[in-house]
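The values are calculated or read from the model by the stated rules, or taken from the named source; none is laboratory data. As the structure is a computational prediction, the values presented were derived from the model and not from experiment. Note: ideal-geometry Cβ built from the backbone for every residue, glycine included; neighbour counts use all protein chains shown.
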Amino acid sequence: MEWTAEAIDQLRAYWAEGHSTAEIGRRMGISKNAVVGKAHRLNLDARPSPIRREAEAAERPAAPRRIASPREVAPRRPEQPSAVVRPFPRASLRSCCWPLGEPGTPEFRFCSAEAASGKPYCQEHASVAYVKARDRREDAA
DNA sequence: CCCTGATTCGC
DNA sequence: GCGAATCAGG
């Protein structure tokens, strides 16, 4: 591509009109790379780029930015969340989550009896939930 | 897979 | 200086 003054004017005009690099390339019969390359060299206003170069961004920050004061700053302990919001106060007091009724109906609820220790179900439902493999044959799929 | 723009680098 | 190749996001 011979960048005559006319060609450069045309590029500037299209660029100023906000055409995409590919569109300018189409109109001028050149590649969009030629357009973007020339635009870059002419220091035309950069378009919002869709990309963000991780490689550069990741390499650069090695440059230490000295903004902190020379004085040493007391180590700041991150504030500990004082209370984690838990749906249940204590694992040991968990209530049975065996479903009762038809899901989606107003009657649907969970058993809510006190769960057997370490299990999500109360004693009664745990006995239903946990079946010895040997006794399960007739229920199997 | 289409689009976008930016950067790189051999020419 | 040029622009294809490549990258990276939509």
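Scanning the range A:1-32 for residues that are of a type in the set (S, T, N, Q) and more than 39 Å from the chain's Cα centre (by Cα) yields A:T4, A:Q10.
Would you point out which residue out of A:P75, A:P64, A:P81, A:P50 is within 30 Å of A:S112 (Cβ to Cβ), at pLDDT below 90 and loosely packed, with under 10 Cβ neighbours inside 10 Å? Checking each option against the conditions leaves just A:P81. Taking residues in the range A:10-34 that are within 18 Å of A:P48 (Cα to Cα), and partners anywhere that are away from DNA strand C (no atom under 13 Å from the Cβ), the pairs with Cβ atoms closer than 7 Å and at least 6 places apart or on different chains are A:Y14/A:R27; A:I24/A:Y14; A:I24/A:W15. If you go through the range A:32-48 and keep only what is within 8 Å of DNA strand C (Cβ to nearest atom) and in a loop (DSSP other than H, G, I, E, B), you end up with just A:L42. Of all residues in the range A:18-31, those satisfying the criterion of being farther than 14 Å from A:A7 by Cα and assigned to a helix (DSSP H, G or I) are A:T21, A:A22, A:E23. Only a single item in (1) surrounded by fewer than 14 Cβ atoms within 10 Å (Cβ to Cβ); (2) more than 9 Å from DNA strand B (Cβ to nearest atom); (3) of a type in the set (G, A, S) is not met by A:A34, and it is number (1). Only one entry of A:A16, A:A39 meets the criterion of being within 16 Å of DNA strand B (Cβ to nearest atom), at pLDDT 75 or above and loosely packed, with under 14 Cβ neighbours inside 10 Å, and that entry is A:A16.
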